[in-house]
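Okay, so here's the structure we're looking at.
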Amino acid sequence: MRSQKRPVNLNLFTIRQPVPAIASILHRISGIILFLAIPYLIWILGQSLATESDFLALYDHFTSPLAKIITLIIVAPFIYHFLAGIRHLLMDINIGVDLKNGRLSAWITIILAIILTIIAGFYIW
Amino acid sequence: MVKTVLGVDHQGLRDWLFQRISALIMALYSICMGWFLFTHPHLTYGEWYGLFTLTGMKIFTLIFIAALLYHAWIGMWTVFTDYIKPASLRLVLEVAMLFMLVACFLWALVILWGVN
């Protein structure tokens, strides 16, 4: 039989992804963002424990809109990564491993993360 | 099988377990820290600094950061292995990442050491 070269579409961006796939890639992306935030967070720890004026300077630093946006850019992935991590742990003990419950837990994770992020957003602002 | 330049035969199961354990440690610390911040609105320098003078807090924090570094290492190793096929580039990035993580741990150690 003559072998044919059939067209292959492996471009993930053109394929409609099921919600567990979205939940999974968001978990990965949020992890990468948090990784990049580590030095910044250690810096803040150092500043907060240096002298009282450094501590107060941090308070001022966080009143700026830029700092608040950066805070949100770190807090939102943290919330998501935390919730998606719980989803992973539940799957490790066989909760939510079937299709129906996997989709349900993926939706819950995403929606709950959005809600908590909005609440955190108000708190930050 | 993926041949890792940095690796001998990778104990995947151990990584899987440590990923979970480090996650739980970090979750516990985050909840405790969240509780502290929640119960100390308008946090003062004295309260914050006082917290970190406690030896237990310093140790818990260092354990948290060690867990964070290991957890981040496993996660980023997975990401690099998935997306960066050229072994030499991956090796460079992995070493750079390792260096960055170890430096952050030592930085935190120095910071906490200076709190009396």
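The values are calculated or read from the model by the stated rules, or taken from the named source; none is laboratory data. Just so it is clear, the model here is predicted, and its values are computed rather than measured. Note that each Cβ is placed from the backbone with ideal geometry, even for glycine, and that neighbours are counted across all protein chains shown. Note: areas computed on protein heavy atoms with side chains; ligands, DNA, RNA excluded. Shrake-Rupley method; radii C 1.70, N 1.55, O 1.52, S 1.80 Å.
Does A:Gly31 meet the test of being open to solvent by less than 50 Å² (accessible area, probe 1.4 Å) and in contact (Cβ under 8 Å) with a residue 24 or more places away in the chain? Judged against the criteria, A:Gly31 is a match.
Out of the residues in region A:13-28 that are farther than 19 Å from B:Ala23 by Cα and in a helix (DSSP H, G or I), state the one that is most open to solvent (accessible area, probe 1.4 Å). The extreme case among them is A:Phe13. Residues that are in contact with a helix residue (DSSP H, G or I) (Cβ under 6 Å, 6 or more places away or on another chain) and either hydroxyl-bearing (Ser, Thr, Tyr) or outside any helix (DSSP H, G or I) (or both) within region A:39-92 comprise A:Ser48, A:Thr71, A:Tyr80, listed in sequence order.
Does A:Phe122 satisfy being part of a helix (DSSP H, G or I), open to solvent by 60 Å² or more (accessible area, probe 1.4 Å) and more than 30 Å from B:Leu93 (Cβ to Cβ)?
Values: part of a helix (DSSP H, G or I): yes; open to solvent by 60 Å² or more (accessible area, probe 1.4 Å): yes; more than 30 Å from B:Leu93 (Cβ to Cβ): yes.
Criteria met by A:Phe122.
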